[in-house]
1. With (1) under 30 Å from B:S282 (Cβ atoms); (2) touching a residue at least 40 places away in the same chain (Cβ under 8 Å); (3) within 14 Å of chain B (Cβ to nearest Cβ) as the list, and A:A252 as the residue in question, which single condition is left unmet?
2. Exactly one condition in (1) of a type outside the set (V, I, T); (2) within 17 Å of A:H259 (Cβ to Cβ); (3) under 20 Å from the mean Cα position of the chain (by Cα) is false for B:L298; which is it?
3. For A:M175, state whether it is open to solvent by 20 Å² or more (accessible area, probe 1.4 Å) and not assigned by TED's automatic domain parsing to the domain that holds A:G37.
4. Can you list the helices (runs of 4 or more DSSP H) found entirely within segment A:18-112 that contain at least 3 residues being open to solvent by 50 Å² or more (accessible area, probe 1.4 Å) and either more than 14 Å from chain B (Cβ to nearest Cβ) or in contact (Cβ under 8 Å) with a residue 24 or more places away in the chain (or both)?
5. Kindly indicate whether any position in segment B:141-151 is at pLDDT 95 or above, assigned to a helix (DSSP H, G or I) and among the small types (G, A, S).
6. For segment B:113-131, what are the residues that are more than 14 Å from every other protein chain (Cβ to nearest Cβ) and open to solvent by 30 Å² or more (accessible area, probe 1.4 Å)?
7. Could you list, in sequence order, the residues of segment B:266-285 that are within 12 Å of chain A (Cβ to nearest Cβ) and more than 16 Å from B:L334 (Cβ to Cβ)?
8. Does segment A:119-132 include one or more residues that are touching a Phe, Trp or Tyr at 6+ places or on another chain (Cβ under 6 Å) and part of a loop (DSSP other than H, G, I, E, B)?
2 protein chains.
Amino acid sequence: MVIVSETMTTARTDGGPERVVVLAHEKFPDRAKTATGVLKYADYDIVAVLDRDNPGTSAADHRDDLPDVPIVASMDDAPEADALLIGIAPIGGGFDETWRDDVRTAIERECDVISGLHYFLNDDEEFAALASEQGVELNDVRKPHEDLSVAQGKAAEVDADIVLTVGTDCSVGKMTVSLELVEAARERGIDAGFIPTGQTGIMISGWGNPIDRVISDFTAGAVEEMILEVGDDYDVLFVEGQGSITHPAYSAVTCGILHGAMPDALVLCHVAGREHIHGYDSFDISPISKYVDLYESLSEPVHESSVVAGALNTSHIDDDSEARAAVESYADELGAPATDIVRFDADEILDAVVED
Amino acid sequence: MVIVSETMTTARTDGGPERVVVLAHEKFPDRAKTATGVLKYADYDIVAVLDRDNPGTSAADHRDDLPDVPIVASMDDAPEADALLIGIAPIGGGFDETWRDDVRTAIERECDVISGLHYFLNDDEEFAALASEQGVELNDVRKPHEDLSVAQGKAAEVDADIVLTVGTDCSVGKMTVSLELVEAARERGIDAGFIPTGQTGIMISGWGNPIDRVISDFTAGAVEEMILEVGDDYDVLFVEGQGSITHPAYSAVTCGILHGAMPDALVLCHVAGREHIHGYDSFDISPISKYVDLYESLSEPVHESSVVAGALNTSHIDDDSEARAAVESYADELGAPATDIVRFDADEILDAVVED
């Protein structure tokens, strides 16, 4: 059984995967944030996306911000590659049996398989046997270290300022905002680092603890451990948040990251116009001011922090001026600068963060 | 490997342990809440407590509310028994090597061993081999079910009203208050049930998910599952809370229970005069009104709830009238009825809960 961070770190230093196929059946691109995240930010080449709904098209046909990568219907049609990466994560993290043929074919073609599912491929008898036979690795990225512990309340002691992305819901762009902020900060000459907390972030950065998979008592501790490990090497660390403090299922993870990271500043991420918790339609998104109050008042007893800026995802709004208006309205509700960091640029948020 | 709840349920139906020795070295009674909880509330007989600091005394010598059970220095001095229960849980849940002789002796004497530590006795090579040789069971109570999942946000749909104990810190009496409220409610003819969330509660009640040990994504789901399982069988369910929403290490668990349980009413538990988070002296206990605000505002987006009563632990105050004054002052800060449910009685809290 392979511990993810060691695998990924090793993979990085010895070259790692070079040509990767990304599985994203029926959910590409808008419900495939792992796939699109890897397409945009990973260093290795993506040679194809598997989506049986859109064969013959290109990723760039579906969204402007994605590279020109061919979409094919199955692994049988994919070009030569050395790894298959599972690029979608259903609620609950199960394995969809309609993917079995693709994973089997990939292993038979001597591809490693990289997965961030709760369901570990190494525990699947067929895949484990086949992988062993073919000499390939099944990398279950979500499998946490064995040696985690409880938080000590020390993350604030590192040299770097800590900036945490928090959200009104899942899938609002916290990872993307964090990664864009790292890039924008580096362009300004700021020594910025990224703390990944979920499978895509870990796949992209090559190390990290999958916080939603650790033992609940160690949620804060697993974040703190990463910050203590690299926090003196940077001027600012952007920590990828998870879930939302009002989420009926995932708020525990959100709360643990908030207290474990001891952030100096928070960036509140939201999708313009979203009214209900994704997948939990009977639960409303609260007013924006409620999120500001909750995140700040919950931080305060452990480490005082404030929402210094907002990141609004306007990707479903076609018209730029409408998107601008949505951002302005969001900034008003927030009482802080805001932007769509992907559509426009990072300046408003970065100014607020750096100034803070 | 034994799944705890099955083990305990089986143990209960086939008679279970009858004569139990409880290990509580150097921490009995005030830092041994598992030991004292089992002494007070479990159905089976406790035949001895192991505490090398107090051999020759009785549990009742140390605290009025404990039964007359002899304390001995080691398992060598313990009377006949069929199980050894680890009654203390250090921060982090590790195994203290100074206990090894007692556990070894217990297994050699054909006792089962029941443990709520994070460190699983079944994973200890010496104990596993010896237990197998002697035909005894190592019950790792903290080992969670394998089939947990994410919360659906449905706990509020059960027939029972849900009452959750929340706290200003760890070790303030949430389990005790919940168990005392169950007893008091039953005395009034109310059909009351208990939802255990920690190792002692599980040891006492014979079933339950150890919430601090589940995968963080499933924290709320593991509580919800228990409530959905028994929630239509009772008029009111008292859910054992964990940690505190301001705890630097454990707040994730607290938050997951709050959202997973979807409580109708909250009882805020506190220790009179405690000023710092236990074991985290640089973190202050916040003002009581801050806890009321935080628990209520954090509940609201998932299920509206309010702090209807307070439970104050005054066990370290000798004088009854001083304790009464502390309770009154606590009720004032809280803006709700309060009492010390162990020292006085449960009426104030139960009235507030039932009326709510």
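1. Answer for A:A252: the failing condition is (2).
2. (3)
3. Taking the combined requirement at face value, the residue satisfies it.
4. A:100-108
5. Step one: filter segment B:141-151 for residues at pLDDT 95 or above, giving B:150-151.
Next, only the ones that are assigned to a helix (DSSP H, G or I) stay: none.
Checking segment B:141-151: not a single residue is at pLDDT 95 or above, assigned to a helix (DSSP H, G or I) and among the small types (G, A, S).
6. B:N122, B:E125, B:E126, B:A128, B:A129
7. Taking segment B:266-285 and keeping what is within 12 Å of chain A (Cβ to nearest Cβ), we get B:276-277, B:279-285.
Residues satisfying the conditions are B:H276, B:I277, B:G279, B:Y280, B:D281, B:S282, B:F283, B:D284.
8. Checking segment A:119-132: at least one residue is touching a Phe, Trp or Tyr at 6+ places or on another chain (Cβ under 6 Å) and part of a loop (DSSP other than H, G, I, E, B).
The values are calculated or read from the model by the stated rules, or taken from the named source; none is laboratory data. This is a predicted model, so every value here is computed, not measured. Neighbour counts are summed over all protein chains in view; Cβ atoms, including those assigned to glycine, are modelled from backbone coordinates with ideal geometry. Ligands, DNA and RNA are stripped out before the accessible areas are found, and what is left, the full protein with its side chains, is counted by its heavy atoms. Shrake-Rupley method; radii C 1.70, N 1.55, O 1.52, S 1.80 Å.
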